[in-house]
1. In segment 42-69, what residues are farther than 16 Å from G14 by Cβ and among the charged types (D, E, K, R)?
2. List the number of the failed condition for G70; all other conditions in (1) within 14 Å of the ligand (Cβ to nearest atom); (2) in contact (Cβ under 8 Å) with a residue 60 or more places away in the chain; (3) farther than 20 Å from V185 by Cβ; (4) outside any helix (DSSP H, G or I) hold.
3. Identify all residues within segment 116-128 that are within 12 Å of the chain's Cα centre (by Cα) and surrounded by fewer than 19 Cβ atoms within 10 Å (Cβ to Cβ); write none if there are none.
4. Among what's in segment 129-144 and is assigned to a strand (DSSP E or B) and not aliphatic (A, V, I, L, M), pick the residue that is nearest to the chain's Cα centre (by Cα).
5. Which one is farthest from Y145 (Cα to Cα) among residues in segment 83-115 that are under 13 Å from the mean Cα position of the chain (by Cα) and either not β-branched (V, I, T) or not in a strand (DSSP E or B) (or both)?
6. Scanning segment 24-67 for residues that are within 13 Å of the ligand (Cβ to nearest atom) and of a type in the set (G, A, S), which turns out farthest from T107 (Cα to Cα)?
7. Quick one: would you say A56 is closer than 15 Å to A180 by Cα, more than 17 Å from the chain's Cα centre (by Cα) and of a type outside the set (D, E, K, R)?
8. Report, by residue number, each residue of segment 228-275 that is in contact with a strand residue (DSSP E or B) (Cβ under 6 Å, 6 or more places away or on another chain) and under 15 Å from R141 (Cβ atoms).
Amino acid sequence: MTAQPRLFVTGANGQLGRLVLAALAAKVDPSRIVAGVRDVAAAADLAALGVELRVADYEKPATLEAAFAGIDRLLLISSSAVGARAPQHANVTAAAKAAGVGLVAYTSLLGGPASPLPLKAEHVETEAMLAASGLPHVLLRNGWYLENYNGFIPSALEHGAVAGAAGEGRIAAAARADYAEAAAVVLAGEGHAGKVYELAGDEAFTMAGWAAALSAAAGKSVVYRDLLEAEYRAFLVSVGLPEGLADLLATSDAGAARGGLFDDSHTLSRLIGRSTTPLAAVLAAALKG
Ligand SMILES: NC(=O)c1ccc[n+]([C@@H]2O[C@H](COP(=O)([O-])OP(=O)(O)OC[C@H]3O[C@@H](n4cnc5c(N)ncnc54)[C@H](OP(=O)(O)O)[C@@H]3O)[C@@H](O)[C@H]2O)c1
């Protein structure tokens, strides 16, 4: 490892990736940072941070091998291509190994193999392939983003209700920026190889609590209507969601009902050195637009 390790962030054009880049650029000299993107033209603002841009497409191993040359530490942001992620992440792992990357940090799912969410499958597979690769690695097992619920706000305010299938499950969601800060702390810091971080918000809420928080933030009554998992899936399809997304949301809610999105270890706030962003702040920002 060099004295000044070069840091690479995949998926840098995504919502989490951009926040990681900003957090990293505030910690280390931007000339040490490389942003992996598919579309360089869409990343002009990242280049303006002073970071280098390299094309890194999970589907194109040749781009990955070239992109990781000279890289000491890599953040693999899990792909958004649900269902195609395991082979994509295998490409990244193989290229990292070939390039002699010294540390891979991976954004996995809270609970890892113990999660009751079916969404865990590709993350568990990726964790296993990292272990099998022999690459030093660190798992950032991210809980739900608070922002995942922002998309429900307009219809909740219009109808005075939000539906779900999360029952009384407590959800320790955190702001995307807080997970990004944790990733930057790990990538820029020392001593993280071999660690598994279960990352979640300091505050936990039920979906009824989310509805109450939205009511308070918007000054308008919103209630939570709990449905059976199958009813919720059918409801989501009936309002126009594609079946795959409806299934992902319904099964994830059912997992949340079983405690799959709850964690009270406060690992995230310890890593970032401050309390996580409150739900009320994320709702207020979303309502401002
Ligand atoms: N914890 C949660 O609540 C939660 C919620 C949603 C998603 N996630 C997971 O966390 C990841 C990051 O979240 P996010 O909010 O930043 O999602 P996002 O904004 O959708 O970003 C996904 C990133 O994946 C990249 N990507 C997709 N296919 C790729 C490929 N073939 N090669 C290289 N990059 C590829 C996209 O690249 P382009 O910019 O080039 O399209 C984008 O940068 C998601 O991809 C997903 O795995 C977590």
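No lab work stands behind these numbers, since they all come straight from the coordinates. Fair warning: this is a prediction, and the values are worked out from it, not measured in the lab. Don't worry about glycine lacking a Cβ; one is built from the backbone with ideal geometry, like all the others, and counts go over all protein chains shown.
1. Correct list: E52, K60, E65.
2. Looking at each condition in turn, G70 falls short on (1).
3. First pass over segment 116-128, keeping only residues within 12 Å of the chain's Cα centre (by Cα): 123.
The answer is none; no residue qualifies.
4. As a first pass, look at segment 129-144 and keep what is assigned to a strand (DSSP E or B): 137-142.
Narrowing further to those that are not aliphatic (A, V, I, L, M): 137, 141-142.
On the way: H137: 17, R141: 8, N142: 6 Å.
Among those that are assigned to a strand (DSSP E or B) and not aliphatic (A, V, I, L, M), it is N142.
5. To start, the set of residues in segment 83-115 that are under 13 Å from the mean Cα position of the chain (by Cα) comprises 105-110.
Subsequent filtering for residues that are either not β-branched (V, I, T) or not in a strand (DSSP E or B) (or both) retains 105-106, 108-110.
Values: A105: 19, Y106: 16, S108: 13, L109: 11, L110: 11 Å.
The extreme case among them is A105.
6. If we take residues in segment 24-67 being within 13 Å of the ligand (Cβ to nearest atom) and of a type in the set (G, A, S), then A41 is farthest from T107 (Cα to Cα).
7. Details: closer than 15 Å to A180 by Cα: no; more than 17 Å from the chain's Cα centre (by Cα): yes; of a type outside the set (D, E, K, R): yes.
Taking the combined requirement at face value, the residue does not satisfy it.
8. Matches in segment 228-275: L261, D263, S265, T267, L268.
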